[in-house]
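Take a look at the structure set out below.
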Amino acid sequence: RLLGVDRVVIYNTSCGPELDLLFQSYSRTGFLEIVPWPIDLFLSPSWGWLYSLSGGDVHYFGQLATLNECVYRSMDRSRYVLLNDIDEIIMPYQHNNLMSLMNTLQQQHPKTGVFLIENHVFPKTVFEPSKRFHLPKWDEVPGFNILEHIYREDPDRTKYHPHKLIVQPRLVEQVSVHDVLKAFGTTYKVPPDVCRIIHVRGSLRGKLDAKELNEDTRLWDFHEKLIPNVDKALERAGLLRSEPAL
Ligand SMILES: *[C@@H]1O[C@H](CO)[C@@H](O)[C@H](O)[C@H]1NC(C)=O
């Protein structure tokens, strides 16, 4: 939202009680649109992304259907759609927000309708040592604090390297997870120094320590707005115990 996104659509297969509270409070403001997606009531979906390993009636909870549904749902109301996971932040590195990034990219590539953004992993096991953003008030909140993870892996460029997409929905006919299958315009790979995905998760390159990783504090540029806004969202959802009254 701090990057200028003004609507989020989530396809809800199922969720735990804390996330449910958070989603309900975001939907009340109209910012979040929840599409009920209880696919397991109708089919037995595979639980992993690799069909040959997981089997089932439909690939990975019907992810491909949800992505395409989202593109068509957005066609008459959004200039751009980001197709990414809930734990991936599509982060501009030379612009303050996504709209000014897209204005620049679109001017340079007027016929492009699909922009591919590289995924970059920030291992959740490697912590920033000063603990500057270790906030005790968040200790009881489930999950982890992305501000504490500022070390980025170099992707293994000898292997397949996944992207996620920013698309102009009106120029897209059919999408997949990491690429577009049918589109009217051209596709452009955005250089990682212009925009990349900040993805805090388990390491993909084995056990590396901070010295073997790249320090990247881009998220910290947002801390003054991010922290109070996260507090507000957690409070609204009842996930932050408020300060005891004096
Ligand atoms: C998400 O789906 C689950 C399972 O159908 C439901 O229990 C839950 O309330 C839904 N949450 C939201 C925010 O829609």
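The values are calculated or read from the model by the stated rules, or taken from the named source; none is laboratory data. Not measured: the values here are computed from a predicted model. Glycine also receives a Cβ, built like all others from the backbone with ideal geometry; neighbour counts cover every protein chain displayed.
See the values below:
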read-out: Search result, residues across region 18-34 that are more than 9 Å from the ligand (Cβ to nearest atom) and free of Cβ contacts under 8 Å to residues at least 40 places away in the same chain; value: Arg28, Thr29, Gly30, Phe31, Glu33
read-out: Boolean, Phe31 is more than 24 Å from Phe144 (Cβ to Cβ) and modelled with pLDDT of 90 or more; value: no
read-out: Verdict on Arg205 being at pLDDT below 95 and within 21 Å of the chain's Cα centre (by Cα); value: yes
read-out: Any chance Thr217 is at pLDDT 95 or above, of a type in the set (Ser, Thr, Tyr) and closer than 20 Å to Lys124 by Cβ; value: yes
read-out: Residue count, region 165-186 (criterion: surrounded by fewer than 18 Cβ atoms within 10 Å (Cβ to Cβ), part of a loop (DSSP other than H, G, I, E, B) and within 22 Å of the chain's Cα centre (by Cα)); value: 4
read-out: Output for region 2-17, where each listed residue is in contact (Cβ under 8 Å) with a residue 40 or more places away in the chain and either in contact with a Gly (Cβ under 7 Å, 6 or more places away or on another chain) or β-branched (Val, Ile, Thr) (or both); value: Val5, Val9, Ile10, Thr13
read-out: Leading residue by the ranking (surrounded by the most Cβ atoms within 10 Å (Cβ to Cβ)) among those in region 110-164 that are within 27 Å of Glu18 (Cα to Cα) and among the β-branched types (Val, Ile, Thr); value: Ile150
read-out: Scope region 3-16; condition exposed (fewer than 14 other Cβ atoms within 10 Å of the Cβ) and more than 9 Å from the ligand (Cβ to nearest atom); matching residues; value: Asp6, Arg7, Gly16
read-out: Qualifying positions in region 36-56 - among the hydrophobic types (A, V, I, L, M, F, W, C), near the ligand (Cβ under 9 Å from one of its atoms) and surrounded by fewer than 15 Cβ atoms within 10 Å (Cβ to Cβ); value: Leu41
read-out: Tally of residues being in contact with a Ser or Thr (Cβ under 8 Å, 6 or more places away or on another chain) and closer than 16 Å to Arg1 by Cβ across region 65-90; value: 1
read-out: Top-ranked residue in region 58-68 [being away from the ligand (no atom under 16 Å from the Cβ) and in contact with a helix residue (DSSP H, G or I) (Cβ under 9 Å, 6 or more places away or on another chain); ranked as nearest to Ile10 (Cα to Cα)]; value: Ala65
read-out: Residue match in region 187-194 (condition: within 19 Å of Asn119 (Cα to Cα), more than 19 Å from the chain's Cα centre (by Cα), in contact (Cβ under 8 Å) with a residue 60 or more places away in the chain and assigned to a loop (DSSP other than H, G, I, E, B)); value: no
